[in-house]
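The values are calculated or read from the model by the stated rules, or taken from the named source; none is laboratory data. Only a predicted model underlies this, so the values are computations on that prediction, with no experimental measurement involved. All Cβ positions, even for glycine, are placed from backbone atoms using ideal geometry, and neighbour counts span all protein chains on display. Heavy atoms of the whole protein, side chains included, go into the accessibility calculation; ligands, DNA and RNA do not. Shrake-Rupley method; radii C 1.70, N 1.55, O 1.52, S 1.80 Å.
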Amino acid sequence: MKLELKGITKKFSGKTVLKKFSISMEKAELCCLLGPSGCGKSTALKIIAGFLKQDEGEVCLNRQEISLLTPQERNVGLVFQNYALFPHLNVFDNVAYGLKRRKWRKKQILQQVEEMLDLVQLDGFERRYIHELSGGQQQRVALARSLVTSPDLLLLDEPLSNLDARLRMQMRNEIVRIQRKLGLTTIYVTHDQEEAMSIADRVVVMNNGMIEQIGSPRDIYKEPSSPFVAGFIGRINLLKIDPERDRISVLPGIPGQNRHSARGEKATCIIRPEAVELSSDPNSSLHGIIKEITFLGSVVHYHLEIPDWDQDLLAEVPALKAGYRLGQKLGIGFIPEGVRFFEQ
Amino acid sequence: MLSLKKFGLPALFFLLLFVFVAYPTLTVIVKSYEYKGQSGFGTYLMLFTKPYFIGLIRGSVLIALGSAFCSTLLGLFLSILVFKTGLPMRKLVLFAVVLPMIIPGFVTSLSYIFLFGRNGLITFKLLNLSWEIYSWRSVLILQTLGFSTTTFFLISAVLVGVNSQTENAARNLGANEWQVLTTVTLPLVRPGLAAAFLLSFLRSMADFGTPFIVGGRFNTLATMAYTKLIGTYDTATASALSTVLMVFCLIAFWLYFRMERKSQSFRVERQLGGAGLLRLPLLHRSILVSVGVLFSVVMLGLLISVFLAAFTRHLGAGLHFTWDHFRIIPQQGWNSIINTIIFASITCLITTFFGLVIAYLVSRVRFPGGRLLDLLVTLPFAIPGTFMGIGYALAFNRPPLLLSGTWAIVVICTVFRELPLGFRSGDSILKQQERSIEQASENLGDSKTGTFFRIILPMARPALMVSAVYAYITSTKTLGALIFLITPGNKVLSVDIFEATVRGDVGNAAAFSVVLMMIAAGGVGLIALAGKRTGVASRFKLLSKLQIG
């Protein structure tokens with residue numbers, strides 16, 4: 001099912017929460033709306049589901065404008081952040097709810113519900129009540145409930161934020177597995193960039209109601225279109241380049257920056273920590289002293305103090321190669337692929 | 001290490017509860033085991049074999065079931081109207097539903113008679129009808145109206161807690177608004193409905209004033225107990241009737257208690273979302289609105305007619321303004337007014353403070369018999385007022401505790417009847433307080449007692465104010481328990497109103513009622529002031545928890 005949002009704008013008491021928001025989704029695609037709290041991603045979901053009406057713009061499902069349809073009439077699967085399961089019904093009745101509203105026959109309902117519970121690996125749980133289930137199990141019931149009516153589109157609103165880290169990883173793989181199996185067009189809202197990167201076919205990075213960038217996880221990471229996107233995904237060192245102050249205008253090993261310093265322009269420079277190369281080379285043109293070391297398991301973070309710079313540099317080194325000590329003076333170099341310049 | 005304080009205080013409360021709750025209760029039960037002056041089950045035999053008494057029991061239960069059903073339904077309609085639709089008359093209905101809090105049952109009975117009685121303003125003067133007002137039908141109508149406050153608050157508290165996200169989930173799955181209401185919202189409100197039903201049943205069974213005033217030839221266990229004791233001093237029969245009544249009340253209360261415990265696990269997650277509105281179809285909305293408007297009109301009518309009855313006199317063709325009915329006050333009524341205010345004030349102070357102390361002991365201090373204390377304090381909830389009244393009258397009319405005829409017995413009786421309320425509110429206040437704050441206080445060196453007075457009490461003050469004023473209002477309305485304990489020296493307004501009504505002296509009764517309502521309304525005004533600090537939500541929650549008794 002093809003979903004298109006064209007120029008969606010929504011205001012709440014004077015504040016514009018979505019500004020001309022437009023995306024076009026392909027069939028069977030898993031698209032993540034990623035952004036900080038308040039960026040409008042949940043609002044976009046509610047507009048698609050029909051709980052909010054947009055001020056401007058169109059919502060088209062398979063080329064049909066659906067904005068005038070009530071939530072009941074849209075065949076859109078929705079998994080809420082807190083699951084919104086029915087506490088007075090058991091698992092079976094929760095999952096069967098949508099089918100009962102569509103007046104399916106008992107036998108058909110039984111079959112379909114069983115199939116769904118099987119899909120989410122909850123067979124045997126039919127008679128349990130919601131409060132008897134763990135967080136992960138409740139999540140799966142919510143998922144089964146949304147899928148049982150074979151919706152045209154699946155919407156998930158931060159479905160995993162209530163789970164602990166380990167369970168979150170397990171569950172997101174589950175969700176992807178099911179999504180791929182059913183070939184369901186899916187929009188997944190999250191503020192967790194690692195989550196978005198690991199499951200999305202495409203990521204839509206949002207900020208303040210607007211789209212910053214749309215692209216595959218790889219493209220977003222390697223070629224962010226703005227400092228915001230770069231900073232939101234992964235870690236960065238953010239440097240302000242000001243030729244007039246002539247301090248950070250020269251980064252050893254980086255060809256791109258010469259353009260800016262040659263033209264005397266100000267620029268913003270993003271350096272990925274893993275693009276910082278450390279060596280004991282005394283002839284290096286840039287030196288730094290290790291101020292702080294953080295051991296993170298597979299990598300080590302070094303905070304380096306660099307004379308003449310007014311900020312520290314964060315370097316990330318694989319743990320197996322990292323053996324430097326506090327206070328040690330090291331030579332610094334950069335890998336060009338991990339450095340980007342943005343005009344101000 | 002068990003200090004004297006730890007042991008002493010609970011022991012003291014146990015003693016007091018035993019003397020002033022258990023002892024009178026047992027006295028009544030023992031008295032009922034008497035027949036024509038000799039021990040035996042003769043009285044009970046009579047009660048369960050003579051058709052008159054069987055009919056009495058059946059009548060009481062049927063009316064109680066009827067009132068419970070009707071008032072629960074009414075409370076539900078009003079709750080939905082006020083909280084689930086966006087209709088503009090919500091404030092009016094809210095005002096109307098709060099009125100029974102300040103207008104006691106026996107006063108609404110009075111208004112009812114004034115409007116619809118044989119010489120009633122509406123039935124006789126306006127419509128020239130004559131119908132038999134004194135019957136079980138009137139009891140049913142008045143109880144339904146009177147209990148609506150309780151059912152409304154109980155149901156609303158649960159209704160408001162139904163997460164709108166859950167209702168949205170139902171919409172997303174294809175349910176229309178009516179289906180959302182019936183398949184999701186109402187099932188989740190069921191605990192509130194059951195609680196409302198059980199408590200209304202209990203109150204109806206125990207109700208003395210309304211059936212006595214408008215029941216006519218219809219009698220209940222409560223009214224018959226009064227007649228037997230005051231009329232023929234047949235203590236055995238009165239006690240037996242009261243005991244049977246208490247058994248019904250205990251059963252209803254036990255069911256309610258058990259259900260409350262069970263519903264803890266069922267607790268609907270109250271989160272962001274709050275009460276969502278339902279967009280119901282026109283027909284349904286019209287019905288709700290009609291019910292709301294009719295209810296409001298009736299309640300306001302009853303309120304206005306009290307004033308009409310108090311300030312007018314019927315002469316010939318019309319009504320004329322007069323102060324006559326109030327003239328009785330300087331002659332006979334001052335005492336009652338002063339007594340009412342003093343007794344109610346003392347009661348509310350004692351029950352609120354000691355209710356909190358007992359709640360603190362039960363929940364924070366470990367001592368043997370904690371659960372028993374919990375039970376003993378809560379028990380008077382289930383005991384009908386008339387039962388306690390008879391108990392006090394019989395138990396304390398001989399040494400060593402010769403209290404009858406004194407003001408002390410009136411105050412003590414009211415205190416122990418209201419104590420469960422104070423305990424309940426104290427308990428609920430403590431539950432909401434962060435334990436860690438008390439622990440911080442103790443960690444910094446304060447004793448448990450110091451913590452209680454310096455930390456817990458001040459933090460609880462706003463909420464305590466609400467329950468104190470509620471206790472105050474309820475004390476002014478007490479009738480059933482006090483009807484057996486009042487003597488010319490220590491009268492209270494509720495009994496004066498009752499006696500005047502029974503005498504047929506509607507004008508005087510109404511005048512006293514106006515005074516009583518002003519005293520009660522003053523109390524409600526104080527809640528509003530105190531409530532400004534705590535905010536509407538917690539005030540509301542607390543009010544719903546206090547809806548017993």
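The convex hull defined by the C-alpha atoms of chain B has an orientation-averaged projected area of 28.5 nm². The Rg/Rh ratio for chain A is 1.08, where Rg is the radius of gyration of the alpha carbons and Rh is the Kirkwood radius. The HN-Hα couplings worked out from phi for the stretch A:309-324 by the Karplus form 6.51 cos²θ - 1.76 cosθ + 1.60 (θ = phi - 60°) are 9, 9, 8, 7, 10, 9, 10, 10, 10, x, 4, 5, 9, 9, x, 7 Hz, whole numbers, x standing for Gly and Pro.
Residues whose amide H falls under 5 Å from that of A:ASN237, counting only those 5 or more places apart or on a different chain, are A:ILE271, A:ARG272, with hydrogens built in the peptide plane. Start at zero, step by 10 Å, and the Cα-Cα distances of the stretch B:356-489 spread as 11, 34, 30, 18, 7, 0 percent across the bins.
Using a 1.4 Å probe over protein heavy atoms, the accessible area lost on pairing B with A, summed over both chains, comes to approximately 1900 Å². Averaged over residues, the count of other Cβ atoms within 10 Å places the peptides B:73-80, A:6-13 in the sequence B:73-80, A:6-13, highest first.
For the stretch A:10-17, 3J(HN,Hα) computed residue by residue from phi via the Karplus equation (6.51, -1.76, 1.60; θ = phi - 60°) reads 9, 10, 10, 5, x, 8, 7, 8 Hz, glycine and proline entered as x.
Element breakdown for the protein assembly as shown at a 1.4 angstrom probe: carbon and sulfur atoms account for 60% of the accessible area.
Based on alpha-carbon atoms, the Kirkwood radius and the radius of gyration of the stretch A:1-157 give Rg/Rh equal to 1.01. Computed from the C-beta positions of A:LYS181 and A:HIS131, the FRET efficiency with R₀ = 35 Å rounds to 0.75. Its Cα centre serving as origin, the stretch B:33-318 has a Cβ charge dipole (Lys and Arg +1, Asp and Glu -1) of approximately 220 debye. The orientation-averaged projection of the convex hull spanning the C-alpha atoms of the stretch B:77-178 amounts to 8.9 square nanometres. Of the listed residues B:TYR360, B:TYR44, the order by accessible area with a 1.4 Å probe, largest first, is B:TYR44, B:TYR360. Rounded to whole numbers, the Karplus 3J(HN,Hα) couplings from phi for the stretch B:172-184 are 4, 8, x, 7, 7, 4, 5, 5, 4, 4, 7, 9, 10 Hz, using 6.51 cos²θ - 1.76 cosθ + 1.60 with θ = phi - 60°, and x at Gly and Pro. In the stretch A:57-132, the C-alpha radius of gyration followed by the widest Cα-Cα span (Dmax) gives 15.0, 45 angstrom. If the segment from A:ILE293 to A:THR70 were pulled out straight at 0.36 nm per residue, it would be longer than the present Cα-Cα gap by 74.7 nm. Take the Cα of A:ASP192, go 7 Å toward its beta carbon, and the backbone nitrogen atoms of the stretch A:82-106 under 16 Å from that spot belong to A:82-83. Using the Cβ-Cβ distance between B:PHE41 and B:ALA440 with R0 = 51 Å, the FRET efficiency computed as 1/(1 + (r/R0)^6) comes to roughly 0.30. The figure for A:ARG140 is an accessible area of roughly 50 square angstrom, using a 1.4 Å probe on the protein chains alone. Here the stretch A:78-107 and the stretch A:289-331 have alpha carbon centers that stand 53 Å from each other. Across B:THR487, B:THR378, the residue with the most accessible area heads the list, and the full order at a 1.4 Å probe is B:THR487, B:THR378.
Annotation: B:ILE337 carries an accessible surface of approximately 20 Å², with a 1.4 Å probe and no ligand, DNA or RNA atoms counted. Once the 1.4 Å probe is applied to the protein heavy atoms, the stretch B:33-318 comes out at 43 Å² accessible per residue. Burial annotation for the stretch A:86-106: residues with an accessible-area loss of at least 30 Å² between the isolated chain and the complete set of protein chains, computed on heavy atoms with a 1.4 Å probe, are A:PHE86, A:PRO87, A:HIS88, A:TYR97, A:ARG101. From the cross-link list A:LYS11/A:LYS53; A:LYS27/A:LYS106; A:LYS6/A:LYS41; B:LYS36/B:LYS228; B:LYS50/B:LYS228, which pairs have alpha carbons spaced over 20 Å apart? Violating the 20 Å Cα-Cα cut-off are A:LYS27/A:LYS106. For the stretch B:304-378, the list of trypsin sites (Lys or Arg not before Pro) that fall in a loop by DSSP and count at most 12 other C-beta atoms within 10 angstrom reads B:ARG366.
For the stretch B:33-318, taking Cα atoms only, Rg and Dmax work out to 22.1, 72 Å respectively. Multiplying the residue separation of B:GLU499 and B:LYS125 by 0.36 nm and removing their Cα-Cα distance gives an extension gain of 132.1 nm. Ligands, DNA and RNA excluded, the heavy atoms of B:SER363 present near 40 Å² of accessible surface to a 1.4 Å solvent probe. Shielding value for B:392-404 is 0, the average number of Cβ atoms from other chains within 10 Å of each residue's Cβ. On the beta carbon distance between A:CYS60 and A:GLN111, with R0 = 30 Å, the FRET formula returns roughly 0.35. The trypsin sites (Lys or Arg not before Pro) of the stretch B:19-91 meeting both criteria, a DSSP state outside H, G, I, E and B (loop) and at most 11 other C-beta atoms within 10 angstrom of the site's C-beta, are B:LYS36.
When all protein chains stay in place and ligands, DNA and RNA are ignored, the 1.4 Å accessible-area order of A:ASP123, B:ASP234, largest first, is A:ASP123, B:ASP234.
Based only on the alpha carbon positions, what is the Kirkwood hydrodynamic radius of the protein assembly as shown, in angstrom? The Cα-based Kirkwood calculation yields 32.9 Å.
Note that chain A presents 48 Å² accessible area per residue, ligands and nucleic acids not counted, probe 1.4 Å.
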